[in-house]
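K.L.:
Here it is: the structure, laid out below.
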Amino acid sequence: MNNEELKVKKKLIIKIGTSTLTAGTNRISFAVIESLARQIVELKKEYDIVIVSSGAIATARQFVEINGFNKHVDSKQALAAIGQTKLMELYDNIFSTFGLNIAQILLTYRDFENPVANENTRNTIRRLWQVDYIPIVNENDTVSIEEIVLGDNDKLSALVSVITEADLLVLVSDIDGIFDRNPHLHADAQLIAEVTDLDSIKEFIEEKESLLGTGGMSSKVHAAEICMQHNVEMWIVNGQRANYIINAMGDRIPFTRFGKKVGK
Ligand SMILES: Nc1ncnc2c1ncn2[C@@H]1O[C@H](COP(=O)(O)OP(=O)(O)O)[C@@H](O)[C@H]1O
Ligand SMILES: N[C@@H](CCC(=O)OP(=O)(O)O)C(=O)O
């Protein structure tokens, strides 16, 4: 074993949602996945990494339209089942050009209530890291519909962070972090750089529209609650910024940090 292999790495969970993956269009952006891969090549030197990725439904909709997509959850589930393999193929094609190996893990909330399932998931992830594969997690939308009905993968990524005892969860969003008001509604809203008391920021959440189909900022604060209870640091960073994780780590871009500082 060389020194690199002997080094104990920190654990990093990266959650990337549909809005970032599609860069606001109706197609998955190769450039977004490439930018993630490029950063992971660097980050892998110090971190064992899990990606929590949505985007299965959006991927399927590039190939097929199923009637009732907006009204019926079974149509969304069918799209998720169709899109998941194609999404993984996209990740595999792009990541492999960067020398990165990927593996797929599908989970539901209920899995986290079962200690045996937690242990099995933890062991699988640990073994994948040992053999240099990056696990890519999504919700198993066939058996569970919480995330496609109500939220996004924010809570799922917090639960993955807890069972892997991660050092840091990065939620990649379309916004720099949490502001004292919704910046899409108020031009003078100010970014909160550090949050240690969640009660103090709950009143800042101001969702634009109905929460159906998107978790909005509320689900990120819920994820932060889970992380803070388990001593996992969580960041919200803006996926529209260049090298958003590496630049956040170097304090070169604005972002919001929840909880203790990594490695401190
Ligand atoms: N106080 C706030 N600060 C920042 N964003 C807020 C706030 N209140 C509501 N929001 C909304 O939350 C959105 C981010 O959540 P969401 O759209 O679910 O992101 P993602 O798709 O990246 O998971 C912002 O674009 C904004 O419209
Ligand atoms: N699991 C599904 C949807 C999950 C979801 O809505 O998440 P997000 O794209 O983060 O709002 C998918 O991969 O399309």
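Here, each number is a calculation from the coordinates, and none is a lab measurement. What you see is a predicted model; the values in this text were computed from it and never measured. Using ideal geometry, Cβ is built from the backbone for each residue, glycine included, and neighbour counts are taken over all protein chains shown.
K.L.:
Counting only residues 5 or more places away or on other chains, whose amide H sits under 5 Å from the amide H of Val195 once H atoms are built in the peptide plane?
P.N.:
Counting only residues 5 or more places away or on other chains, the set is Arg257, Phe258, Gly259.
K.L.:
Ok, one more. By counting other Cβ atoms within 10 Å of each Cβ, how are Lys7, Lys202 ranked from fewest to most?
P.N.:
Listed from fewest to most nearby Cβ atoms, that is Lys7, Lys202.
K.L.:
Could I ask something else about it? Taking the beta-carbon count within 10 Å as an exposure proxy, list Glu146, Glu203, Glu139 from fewest neighbours to most.
P.N.:
Details: Glu146 14, Glu203 9, Glu139 25.
By the 10 Å Cβ count, ascending, the order reads Glu203, Glu146, Glu139.
K.L.:
Given H placed on each backbone N at 1.01 Å, which residues far from Asn140 in sequence or on other chains put an amide H within less than 5 Å of it?
P.N.:
Leu107, Thr108
K.L.:
Using the structure shown, select from Lys11/Lys45; Lys15/Lys44; Lys76/Lys155; Lys10/Lys86; Lys155/Lys202 the pairs with a Cα to Cα distance greater than 22 angstrom.
P.N.:
Flagged as over cut-off: Lys10/Lys86.
K.L.:
Once the Cβ-Cβ distance between Asn123 and Lys86 is put in as r, and R0 is 30 Å, what FRET efficiency do you end up with, to the nearest 0.05? Intermediate values should be presented prior to the final figure.
P.N.:
On the way: r = 28 Å, r/R0 = 0.94.
Working from the Cβ atoms, E equals 0.60.
K.L.:
Under the Karplus relation 6.51 cos²θ - 1.76 cosθ + 1.60, θ = phi - 60°, what is the ordered set of whole-Hz ³J(HN,Hα) values for the range 106-120, x standing for Gly and Pro?
P.N.:
10, 10, 10, 4, 4, 4, 6, 7, 10, x, 5, 4, 4, 4, 5
K.L.:
Can you list the HN-Hα couplings for the range 190-207, worked out from phi with the Karplus curve (6.51, -1.76, 1.60; θ = phi - 60°), rounded to whole Hz and with x for Gly and Pro?
P.N.:
Per-residue couplings from phi come out as 10, 6, 9, 7, 9, 10, 10, 10, 5, 4, 6, 10, 4, 5, 7, 6, 8, 6 Hz.
K.L.:
Quick check for me: using +1 on Lys/Arg Cβ and -1 on Asp/Glu Cβ, what's the dipole size of the range 46-153 about its Cα centre, in debye to the nearest 20? List each step's numbers first, then the result.
P.N.:
Numbers: 8 positive and 15 negative charges, 38 e Å.
Result for the range 46-153 is approximately 180 debye, rounded to the nearest 20.
K.L.:
Sort Asp188, Asp141, Asp132 by Cβ crowding within 10 Å, fewest neighbours at the top. Mind showing how you got there, number by number?
P.N.:
Values: Asp188 8, Asp141 25, Asp132 12.
Listed from fewest to most nearby Cβ atoms, that is Asp188, Asp132, Asp141.
K.L.:
Going by amide H atoms built from the backbone, whose H comes under 5 Å of the H on Ala103, apart from near neighbours?
P.N.:
Ile134, Ile136
K.L.:
Given Leu43, Thr20, Phe258, which one lies farthest toward the positive end of the charge dipole of the range 3-258, if we put +1 on the Cβ of every Lys and Arg and -1 on the Cβ of every Asp and Glu?
P.N.:
Result: Leu43, furthest along the dipole toward the positive end.
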